[in-house]
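Visitor: One structure follows; several queries about it will come next.
The values are calculated or read from the model by the stated rules, or taken from the named source; none is laboratory data. Nothing here was measured: the structure is a model prediction, and the numbers come from that model. Here the Cβ is made from the backbone with ideal geometry for all residues, glycine too, and neighbour counts use every protein chain on show. To get the accessible areas, we keep the full protein, side chains included, count just its heavy atoms, and leave off ligands, DNA and RNA. Shrake-Rupley method; radii C 1.70, N 1.55, O 1.52, S 1.80 Å.
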Amino acid sequence: MENTQEKKDRVLSMIQPTSVPTLGNYLGALKNWADMSKDNDCLFAVADLHAITVRQEPAKLRKQSLEMYALLLALGLDPEKNIVFVQSQVPQHSQLGWILNCYTQFGEASRMTQFKDKSEKHADNVNVGLFSYPTLMAADILLYQADYVPVGADQKQHLEITRDIAERFNGIYSPTFTVPKPYIGKLGAKVMSLQDPTKKMSKSDANPKASVFVLDKPDDIVKKFKSAVTDSEACVRYAEGKDGINNLMGIYSCCTGKSFEEIEKDFDGKGYGDFKLAVAESILAEVKPVQEKFNEIVSDKAYIEKCAKEGAEKASYLANKTLTKVMKKVGFWQVK
Ligand code: TYM
């Protein structure tokens, strides 16, 4: 993704406003968004259409969407340089999503592990939207001809189906969509729960100590790390079977840039207590400035709304170019 040439790479990613982002969202995705936003042509969005595949409380969803948008600004995603928007405010996503449903096989959508997991978790509401979730995600990406999509490892399969849909459509008609590549960081791609390090850290974990949230109070962040599940060896080293320590080392490495060998050396002879505290402090150094900025802008609703409105207009302009081409190719009668 070196931009020596004139044309910058187009980067797109989104996050659901179903809660405050976790450390997993932050290290797996948001931190990379902020880095990539410096030299690429970027679009970032709040995926509220995806959020309603699980039942949401309307007032809470509205508030969380605004706050997620404010948090994206607080992360340093400059709305003048990047397009930062809310998915439902750009109707082309739903429009292309429908069309792509008709170019996706039932069998391939059925293989999505996230669909299987969420169907189990929300057995009382296995709706069609949950099933067609990946085609809407494909629409999000393909509408903007994105070259790269920075995501955590859990979204890899959705990127693969997006590539398959794009190639299929391009093959049936003629080149229409850029075939996007996932950008999955070497570190932080799968941050695990602090209470069960064999499980992914998730926004919806029932155990409040399992997930750290970007807007958690500093004291709470320290407490959560102190109670992180580890092992009885009392030796900071990366090894099979030491899931808790491996997870903490991954987090620490992501925040400090230190390699695992350096970490092992630094903590040689020290106990887990010291290490957990160091990990918590490395996180605080990352999130404190974001929290300060967030608190500064979140009450300025007029500013946030202005940015969202302009973001949606810019996104819609680009999205329309692709959608118009697609509608023509599939044979819709278009009147001028
Ligand atoms: P969402 O909202 O679940 O998560 C946002 C991002 O955070 C990453 N992530 C993690 N990374 C590392 N460790 C974890 N424990 C962890 N948990 C979550 C996710 O991989 C994601 O990158 N379907 C997407 C939202 C979406 C999207 C898109 C993404 C909608 N349209 C188009 C990219 C492009 C989702 O539910 O992310």
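Visitor: Going by the structure shown, is Phe213 away from the ligand (no atom under 15 Å from the Cβ), open to solvent by less than 50 Å² (accessible area, probe 1.4 Å) and at negative phi?
Guide: No: the conditions fail for Phe213.
Visitor: Identify all residues within region 177-197 that are within 13 Å of the ligand (Cβ to nearest atom), hydrophobic (A, V, I, L, M, F, W, C) and over 19 Å from the mean Cα position of the chain (by Cα); write none if there are none.
Guide: Matches in region 177-197: Leu194 only.
Visitor: Now a separate question. Just a yes or no: is a residue in region 92-101 at pLDDT below 95 and either within 13 Å of the ligand (Cβ to nearest atom) or farther than 22 Å from Glu296 by Cβ (or both)?
Guide: No, region 92-101 contains no residue that is at pLDDT below 95 and either within 13 Å of the ligand (Cβ to nearest atom) or farther than 22 Å from Glu296 by Cβ (or both).
Visitor: Let me ask something else about it. List, please: which pairs have Cβ atoms under 6 Å, are six or more places apart or on different chains, and start with a residue in region 120-136 that is over 14 Å from Ala47 (Cβ atoms) and end with one that is away from the ligand (no atom under 12 Å from the Cβ) and among the hydroxyl-bearing types (Ser, Thr, Tyr)?
Guide: Val126/Ser119
Visitor: Between Asp243, Asp274, Asp268, which is exposed (fewer than 12 other Cβ atoms within 10 Å of the Cβ) and without any contact (Cβ under 8 Å) to a residue 60 or more places away in the chain?
Guide: That would be Asp268, the only listed residue that is exposed (fewer than 12 other Cβ atoms within 10 Å of the Cβ) and without any contact (Cβ under 8 Å) to a residue 60 or more places away in the chain.
Visitor: For region 151-176: of the residues being within 12 Å of the ligand (Cβ to nearest atom) and among the small types (Gly, Ala, Ser), which is most open to solvent (accessible area, probe 1.4 Å)?
Guide: Within region 151-176, the match that is most open to solvent (accessible area, probe 1.4 Å) is Ala153.
Visitor: Just give me the residues in region 1-58 being among the polar types (S, T, N, Q) and part of a loop (DSSP other than H, G, I, E, B), in sequence order.
Guide: Passing the criteria: Asn3, Thr4, Gln5, Gln16, Thr18, Ser19, Ser37, Asn40, Thr53, Gln56.
Visitor: Hey, could you check region 25-53 for residues that are open to solvent by less than 30 Å² (accessible area, probe 1.4 Å) and more than 13 Å from the chain's Cα centre (by Cα) and say which is farthest from Ala319 (Cα to Cα)?
Guide: Thr53
Visitor: Can you tell which of Glu57, Glu6 is away from the ligand (no atom under 15 Å from the Cβ), open to solvent by 30 Å² or more (accessible area, probe 1.4 Å) and modelled with pLDDT under 95?
Guide: Matching residue, one of Glu57, Glu6: Glu6.
Visitor: Would you check if Tyr133 is open to solvent by 10 Å² or more (accessible area, probe 1.4 Å), aromatic (Phe, Trp, Tyr) and touching a Ser or Thr at 6+ places or on another chain (Cβ under 6 Å)?
Guide: yes
Visitor: Sticking with this structure for a sec: Condition first: farther than 26 Å from Arg168 by Cα, in a loop (DSSP other than H, G, I, E, B) and away from the ligand (no atom under 12 Å from the Cβ). Can you find one or more residues in region 68-76 that meet it?
Guide: Yes; the residues of region 68-76 include at least one that is farther than 26 Å from Arg168 by Cα, in a loop (DSSP other than H, G, I, E, B) and away from the ligand (no atom under 12 Å from the Cβ).
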